[in-house]
């Protein structure tokens, strides 16, 4: 313990969290890896788009199934397309879907769940029955329905996935709120005349960040795989566009003969997930004032 | 030859921040058929001591560095794990503080009672059942043959503690270790459990190690006392000698800081009045005795003008909770938690609201400040009637009436710094000009409750229970209220800390002309704080009036029971018990 200054500076959860996170080497390293992957993916996409090189993904059938070498770092696929480029371009779709859908599910799920849990009673019963009904809706049929109504659209995929993934988040948050709302610090907040919204978002939410972050970091890979399922059914990204999910699925079919088709997209996919997990863990610890010593 | 002989026991914890000497070289003996009280505040190492004997210290980080604990020529500290397991529960049994959580809620009482016999004596559960029933009868549970098949939730807290004792004693152990067994219980139930333990000792001849922070309790039950402080036994001897002639300043302080029914202190002495802890340069601490200054200020006389209106008047307050039948159908059955309570308090006074758990005292407090919507009745505060006000209209009153809760650990948001905790209410109610002014006010509040300004950027978990409760007081004061409800505000605290918080509350009352409702199950604490008193039972007030008069002349039988249940720690009472 060091001597504190006479007039202490203000401290807040986020500022302290950042300070603690910046001391967590694993989280920082993961953050760097993740940023590099993201930059590479979107950079390649942007470069190809700007130079009109997108056509290069068309490939050269004469050079199909070439093993990794100096010409094609990750080899080529059945159409003779460069796997390295495909992995990077496909990463754009996977990352975008993963993050946008998770963000959508976070926003809806946390708001919905905390309101239901905090208000309780009949409001809660009503809101939760809606969740149950949505749970019961078969996902694929729901997506097909959307396609029929609005046509095949990339944005629809975000909406479809986000609309399904928030349900579990809402349940988790609701359970957390119900456990927390009877604690004495919430009662003290009510006695001090704080509004319900203030209590939910200033007092309850920071205390639920642990489970929320953990679940969100599990949602990202789940969403990426879901996108692959949709693409496989012809409801996701249209060929020749690709994503990690699609590449992994294609690669898995040819693993005996052309292992590089699986290894490289899977490597990127796992690297991203690993780093996300470490970042998530780091965030969770950093946001808990109890976990670290000054 | 003593049954158990502990010699120079040292249990240290090796943490990242260094070595914590939880138990640092203690020795004591336990004679057959004796009750040894180990007294100390939380963190003094009393629980770690018995956990070391039972092999229950988590290792690492804990490590038993040195010492021996001889029982029948065997050293409990070094014998093999299998040997210790055979001893544990068979010859040494243990009961814990919280009877609500120490029984498995999913198993019948019968299964849990028979289990030790099955494990230690290889008994057939069917054959062992009569023994379980017999044991339940011994600990005073009626209709034991029927009730043995119940689940724990069907028993009250006191009953569960009896079941715990039955479970501990069913294998006929020679030593029973009781770790704060009555701390979570009401005074009347506590008195019953203490009586039961004494009877069992007389009947079965077992020895008991009784751990507690409350000297009053050991005065009632123990033959010998060991006082622990910072991992060491600072004083030990017979109960009479300790109470009659305490030698160590810590013991003196501990004895003095208890509010008692027969004293008229206006400021409680604290341990710090008797004992100075000096940190020497090499990181060691040295204890130095101080001559306490026990001069009591004249009790201020609180006269009420004839035409003065009470600040708060509650009439026929009722809070009923519906027993929920189903989602759509409201059941007509209700639980009458508060059933027609009328109270009035004058400005600057303290009303003590006393009763056992479940009597509705907490619900009454919450209904008065409208944390719970009252079902019926009238609440007048100043000139306004609060009972029908919607939440939004309550906002101006939130500034004027505040509440302090029992558990200082749960009543602070763990994710907010002290600064945020203290400035947020000001911000919501528009107090103070800008963040800097609010921070200055927060500093002033911290200093007023005896904390340092430098604590502003820390989080609640960095503070001890007593410091946190000061913090809760500071938060309640942030809005400069006139009226504060203290709901069991010191019940979870060690006596030495309790004295400090009680003194603080009284000091603040004088300085700020505060009005309190002081809710507690502990009559001696209410006696110290209150001017008037109301005794609650089953949702109703059974007796109300001047506190001093009620203590000396309780009219209602229930009040008398409550007063009698307070542990007797006068020398006469101890002499009468031990026959000294």
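The values are calculated or read from the model by the stated rules, or taken from the named source; none is laboratory data. Note that this is a predicted model, so its numbers are computed, not measured. Cβ sites come from the backbone with ideal geometry, for glycine too, and all protein chains shown count toward neighbours.
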*Would you mind stating whether residue A:290 is within 13 Å of chain B (Cβ to nearest Cβ) and surrounded by fewer than 18 Cβ atoms within 10 Å (Cβ to Cβ)?*
yes
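Please verify whether region B:83-96 includes one or more residues that are in the same structural domain as residue B:162 (by TED's automatic domain parsing) and farther than 19 Å from residue B:171 by Cβ. Before you say what the answer is, go through the steps one by one.
Of the residues in region B:83-96, the ones in the same structural domain as residue B:162 (by TED's automatic domain parsing) are B:83-96.
Still in the list and also farther than 19 Å from residue B:171 by Cβ: none.
So far as region B:83-96 goes, no, none of its residues is in the same structural domain as residue B:162 (by TED's automatic domain parsing) and farther than 19 Å from residue B:171 by Cβ.
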*asked:* Suppose the filter is assigned to a loop (DSSP other than H, G, I, E, B), away from chain B (no Cβ under 14 Å) and either at pLDDT below 85 or touching a helix residue (DSSP H, G or I) at 6+ places or on another chain (Cβ under 7 Å) (or both); does residue A:74 pass it?
replied: yes
*Within region A:178-234, which residues are part of a helix (DSSP H, G or I), more than 14 Å from chain B (Cβ to nearest Cβ) and free of Cβ contacts under 8 Å to residues at least 12 places away in the same chain?*
A:218
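Looking for something surrounded by fewer than 23 Cβ atoms within 10 Å (Cβ to Cβ) and within 12 Å of another protein chain (Cβ to nearest Cβ) - is there at least one such residue anywhere in region B:336-358?
Quick first cut of region B:336-358, residues surrounded by fewer than 23 Cβ atoms within 10 Å (Cβ to Cβ) only: B:336-337, B:339-340, B:342-349, B:356-358.
Among the residues that remain, those that are also within 12 Å of another protein chain (Cβ to nearest Cβ) are: none.
Within region B:336-358 (the criterion being surrounded by fewer than 23 Cβ atoms within 10 Å (Cβ to Cβ) and within 12 Å of another protein chain (Cβ to nearest Cβ)), the answer is no, since none of the residues qualifies.
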*Please specify each residue of region B:360-386 satisfying the condition of being in a loop (DSSP other than H, G, I, E, B), surrounded by 14 or more Cβ atoms within 10 Å (Cβ to Cβ) and either within 13 Å of chain A (Cβ to nearest Cβ) or without any contact (Cβ under 8 Å) to a residue 24 or more places away in the chain (or both).*
B:369, B:370, B:371, B:372, B:386
*Does region B:296-314 include one or more residues that are under 30 Å from residue B:44 (Cβ atoms) and either more than 14 Å from chain A (Cβ to nearest Cβ) or modelled with pLDDT of 85 or more (or both)?*
yes
_Residue satisfying condition, being assigned by TED's automatic domain parsing to the domain that holds residue B:484, in a loop (DSSP other than H, G, I, E, B) and within 30 Å of residue A:285 (Cβ to Cβ), within set B:446, B:412, B:456_ = B:412
_So residue B:540 passes all but one of these: (1) closer than 21 Å to residue B:432 by Cβ; (2) touching a residue at least 12 places away in the same chain (Cβ under 8 Å). Which condition number does it fail?_
(1)
*Just a yes or no: is a residue in region B:214-226 buried (at least 22 other Cβ atoms within 10 Å of the Cβ) and assigned to a strand (DSSP E or B)?*
yes
